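Novice: Quick one: the structure is below, and I'll ask about it shortly.
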Amino acid sequence: MSMLGRALHGVIAALLNNGGTLDKEVTENILQNFEVTNSITSTDALTAAQRFYEALHSNFNVKSVHVEYPISSLNEQGQEISGFIDLLIETDEGWVIFDHKSSPHARSEWESIACSYSGQLACYKEVLTKLSDKP
């Protein structure tokens with residue numbers, strides 16, 4: 001499951017970095033590199049990535065897209081916060097942070113799974129707040 005999630009991350013990142021289009025051959029190469037071609041077809045992976053892209057643009061006024069955005073900073077306690085934001089989009093209203101996951105769990109469990117990452121997202125927000133004048 002971990003490799004499938006990483007492969008889908010790769011397909012989504014490639015599609016976002018390519019302005020919403022991605023060649024099926026590139027998608028197949030990504031899936032092959034992660035050895036998940038028995039778990040998902042390139043058509044399904046590409047369709048999922050395109051739906052994500054379309055949802056971003058239909059729900060947000062996207063000004064810019066930053067994939068695997070690196071962050072690093074010290075918090076008030078002097079602890080280092082560092083990582084990579086899966087997807088950071090800039091809108092007219094400010095920043096939107098995405099930490100996207102692939103999960104075989106039932107939809108009824110998704111909220112609790114998402115909440116388990118709230119600390120990580122709070123750290124990302126803390127760093128962005130320090131580095132930018134946008135909310």
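The values are calculated or read from the model by the stated rules, or taken from the named source; none is laboratory data. As the structure is a computational prediction, the values presented were derived from the model and not from experiment. Quick reminder, even Gly has a Cβ in these numbers, built from the backbone with ideal geometry, and neighbours come from all protein chains shown. Accessible surface areas use protein heavy atoms only, side chains included; no ligands, DNA or RNA. Shrake-Rupley method; radii C 1.70, N 1.55, O 1.52, S 1.80 Å.
Novice: Which of the residues that make up the range 1-43 are open to solvent by 90 Å² or more (accessible area, probe 1.4 Å) and either touching a Ser or Thr at 6+ places or on another chain (Cβ under 6 Å) or in a helix (DSSP H, G or I) (or both)?
Specialist: Once the filter is applied, which keeps residues that are open to solvent by 90 Å² or more (accessible area, probe 1.4 Å) and either touching a Ser or Thr at 6+ places or on another chain (Cβ under 6 Å) or in a helix (DSSP H, G or I) (or both), the range 1-43 yields R6, N17, K24, E25, Q32, N33.
Novice: Can you tell me how many residues in the range 115-131 are over 13 Å from L88 (Cα atoms) and touching a residue at least 24 places away in the same chain (Cβ under 8 Å)?
Specialist: Number satisfying all stated conditions: 5.
Novice: Checking the conditions here, which among T37, T21, T27, T43 is among the β-branched types (V, I, T), more than 23 Å from L128 (Cα to Cα) and touching an Asp or Glu at 6+ places or on another chain (Cβ under 8 Å)? Give the derivation first.
Specialist: Working: T21 fails: touching an Asp or Glu at 6+ places or on another chain (Cβ under 8 Å); T27 fails: touching an Asp or Glu at 6+ places or on another chain (Cβ under 8 Å); T43 fails: touching an Asp or Glu at 6+ places or on another chain (Cβ under 8 Å).
The conditions single out T37.
Novice: I'm trying to understand the selection: among the residues of the range 23-35, which are at pLDDT 95 or above and either in contact with a helix residue (DSSP H, G or I) (Cβ under 7 Å, 6 or more places away or on another chain) or closer than 21 Å to D86 by Cα (or both)?
Specialist: Within the range 23-35, V26, T27, E28, N29, I30, L31, N33, F34, E35 meet the criteria.
Novice: Something else now. Please enumerate the residues belonging to the range 115-135 that are in a helix (DSSP H, G or I) and of a type in the set (K, R).
Specialist: Within the range 115-135, K125, K130 qualify.
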